[in-house]
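Enquirer: I'd like to ask some things about the structure below.
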Amino acid sequence: MDLFFHDTIDIKNPAFVFSDEESRHLSKVLRKQPGDLVAVTDGKGLEVHIQIQNISSRKTNGHLVETIVHPAPKHQTHIAIAPTKNIVRLEWFLEKATEIGIHRITPLLCQHSERKVIKSDRLTKILQAALKQSQQFHLPQLDDLISFETFVAQQKKGYIAHCNTGEKFDLADLAPTEQSNCILIGPEGDFSIDEITFAEKNNFQTISLGSQRLRTETAALVACHTLSLIHRNI
């Protein structure tokens, strides 16, 4: 069933009106007809099934026929990542991480960051599109850009991945079972020594994501996928 996104859904009101953009998509692309069912989610775990009553490229409305509540995942992945200089790479990560399953993304401003501004509205639309495509019902939380030190100081503990030498533990071997796991991923120039030291002093454990040297967005996706596999088996 095709899935649409609305950030607010009033389950007490059975009448449902689609936006102009969705109406065009329903009528011109999907070629839906009166009587067809489509699913809508608010990204907070709610799924409703809407039976189309009237449809046109300008206005489409329907009637709510079923409500389903999806519980939040037991284990949640939180990736704090320095936005890449080429924003397309960050957008790629957001899309793929949403498909895999991620709870929260925090953009970090680091000492070696080459990108210091992001357009949250565009990134949110990418998350919403990936949510619909992957048929999921919990939209990842996208935080505002925050400085590395401020963010780390707010956390109780977590993990940090970097390219410097020293003792590291393989994330796959750690098998973290906490309800929420936060992993720090640095910019193209990696975290500075001062940032690594600061994180370790604030209960962030240094981890390895493998022997290869990974791009920022690749490292973030590897971390996300590794945690997804670990949590699937718990």
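Taken together, the values in this text are just the output of simple stated rules run on the coordinates, not laboratory data. Computed from a predicted structure; not experimentally measured. We place every Cβ from the backbone using ideal geometry, glycine too, and count neighbours over all the protein chains shown.
Enquirer: Considering only residues that are among the hydrophobic types (A, V, I, L, M, F, W, C) and without any contact (Cβ under 8 Å) to a residue 12 or more places away in the chain, which ones fall in segment 201-228?
Expert: Leu214
Enquirer: Go through the residues of segment 137-151 one by one and say whether even a single one is on the phi > 0 side of the Ramachandran plot, in contact with a strand residue (DSSP E or B) (Cβ under 8 Å, 6 or more places away or on another chain) and of a type outside the set (Asp, Glu).
Expert: Taking every residue of segment 137-151 in turn, none turns out to be on the phi > 0 side of the Ramachandran plot, in contact with a strand residue (DSSP E or B) (Cβ under 8 Å, 6 or more places away or on another chain) and of a type outside the set (Asp, Glu).
Enquirer: Inspect all residues belonging to segment 13-28 and state whether any of them is assigned to a loop (DSSP other than H, G, I, E, B), surrounded by 13 or more Cβ atoms within 10 Å (Cβ to Cβ), touching an Asp or Glu at 6+ places or on another chain (Cβ under 8 Å) and touching a residue at least 24 places away in the same chain (Cβ under 8 Å).
Expert: No, segment 13-28 contains no residue that is assigned to a loop (DSSP other than H, G, I, E, B), surrounded by 13 or more Cβ atoms within 10 Å (Cβ to Cβ), touching an Asp or Glu at 6+ places or on another chain (Cβ under 8 Å) and touching a residue at least 24 places away in the same chain (Cβ under 8 Å).
Residues checked against (1) touching a His at 6+ places or on another chain (Cβ under 9 Å); (2) in contact (Cβ under 8 Å) with a residue 40 or more places away in the chain; (3) not aromatic (Phe, Trp, Tyr):
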position	(1), (2), (3)
Lys74	yes, yes, yes
Ile81	no, yes, yes
Thr106	yes, yes, yes
Asp144	no, no, yes
Leu171	no, yes, yes
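Enquirer: Quick one: in segment 190-217, which of the residues that are of a type in the set (S, T, N, Q) and not in a loop (DSSP other than H, G, I, E, B) is nearest to Lys156 (Cα to Cα)?
Expert: Per the criteria, the residue is Gln205.
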